[in-house]
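Okay, structure first, notes after.
Derivation of every value follows stated rules applied to the coordinates shown; laboratory data play no part. Bear in mind the structure is a predicted one, so any value in this text is a computation, not a measurement. So basically every Cβ, Gly included, is an ideal-geometry build from the backbone, and we count neighbours across all protein chains shown.
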Ligand SMILES: NC(=O)c1ccc[n+]([C@@H]2O[C@H](COP(=O)([O-])OP(=O)(O)OC[C@H]3O[C@@H](n4cnc5c(N)ncnc54)[C@H](O)[C@@H]3O)[C@@H](O)[C@H]2O)c1
């Protein structure tokens, strides 16, 4: 096979002319995914609770391709509608949604304020639902699309403690994937989950800093060396490649999967 053949063979793994909206994309996995999507031909809407950071990220990445930064609290219905409307105005609508935004705060089960439970489920559960719904409206008018929900290996197996609010919210994300893949298959919309193991992103470091400052202690397998089969946490690009695969035509016959990208953590 010469180089031209490889280029052809890899074409389905790219997103030429596609429009992707990624939530929580001002840092971490969301930002790395935005960068990768731009490199393979997509236009990318970088949506984040931190609107200034979203706009700065969009500006920084604009050398790689068309970007738009929008302030969006995924838990807020109006903000989600406004963000998707901005995407439609700039790019005509979205073909790919990555539900990536997540709230992070450890809380012991027995001491957890109900407000902590509620905000976790509002951002992860309600946020995934609201963004999916706005994306489906636009995808229906574009002949289909692909939605990738970022869940967590902890929806299958506890990873860090204390984490009941987060793990249960992520299990809800998997349920959304299983249901939505059935509901929206007639619209040619595929819906899949990526379930990361531990990742080298700012989020866990912020939690660790909170622990060091006297907050709830984070303990658990993925945070300790050698507790997954590869003995290390993932770099965000290793996760972003799995997101790209599911978002792209390379996964044209895949819907409803929960793709564990966890270095075998859940099998060890
Ligand atoms: N990092 C890990 O070890 C790990 C492991 C398993 C799963 N995950 C999942 O991967 C995804 C990305 O994780 P990360 O570590 O890159 O995250 P991160 O905490 O580094 O970044 C999350 C981003 O989401 C944004 N955000 C928070 N609340 C929001 C809201 N209400 N609306 C919009 N944006 C909001 C933040 O501003 C931030 O930019 C998350 O869904 C997370 O749960 C991460």
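Mind checking the full-extension length gain between residue 137 and residue 114? Use 0.36 nm per residue of separation minus the Cα-Cα distance, one decimal, nm.
Full extension from residue 137 to residue 114 adds 5.0 nm.
What FRET efficiency comes out for the pair residue 213/residue 104, r = Cβ-Cβ distance, R0 = 25 Å, nearest 0.05?
0.95
Once the piece of chain linking residue 7 and residue 64 is laid out straight, how much longer is it, given 0.36 nm per residue of separation minus the C-alpha distance between them?
18.6 nm
Using label points projected 7 Å from each Cα along Cα→Cβ, tell me how many nm separate residue 252 and residue 232, to one decimal.
In this crude label model, residue 252 to residue 232 measures out at 3.5 nm.
If you take every DSSP beta bridge fully contained in the chain, what fraction is antiparallel? Give it as a percent rounded to 5.
5
At what distance in nm do the modelled label points of residue 206 and residue 39 sit from each other, each positioned 7 Å from its Cα along Cα→Cβ?
With each label placed 7 Å out from Cα toward Cβ, I get 2.5 nm.
Just rank 73, 174, fewest to most, by other beta-carbon atoms within 10 angstrom.
Fewest to most other Cβ atoms nearby, the residues stand as 174, 73.
For the chain, with equal point scatterers placed on the C-alpha atoms only and solvent neglected, what are the log10 I(q)/I(0) values from the Debye formula at q = 0.11, 0.12, 0.17 1/Å, to two decimals?
-0.58, -0.69, -1.37
When only alpha-carbon atoms count, how far does the range 124-212 stretch along each of its three principal axes, as whole angstroms with the largest first?
Cα spread of the range 124-212 along its principal axes, largest to smallest: 49, 22, 20 Å.
Which three numbers, in whole Å and largest first, are the semi-axes of the equivalent ellipsoid of the range 41-170 derived from its Cα gyration tensor as √(5λ)?
29, 16, 14
Over the Cα atoms of the range 86-140, each weighted equally, I'd like the Debye log10 I(q)/I(0) at q = 0.15, 0.31 Å⁻¹, rounded to two decimals.
Calculated log10 I(q)/I(0) at the listed q: -0.54, -1.18.
How much length is gained on full extension from residue 78 to residue 182, taking 0.36 nm per residue of separation minus their Cα-Cα distance?
That pair, residue 78 and residue 182, stretches by 34.8 nm at full extension.
For the chain, what is the calculated [θ] at 222 nm in deg cm²/dmol (nearest 500), taking -39500 (n - 2.57) for each run of four or more DSSP H residues and dividing by its residue count?
-13000 deg cm²/dmol
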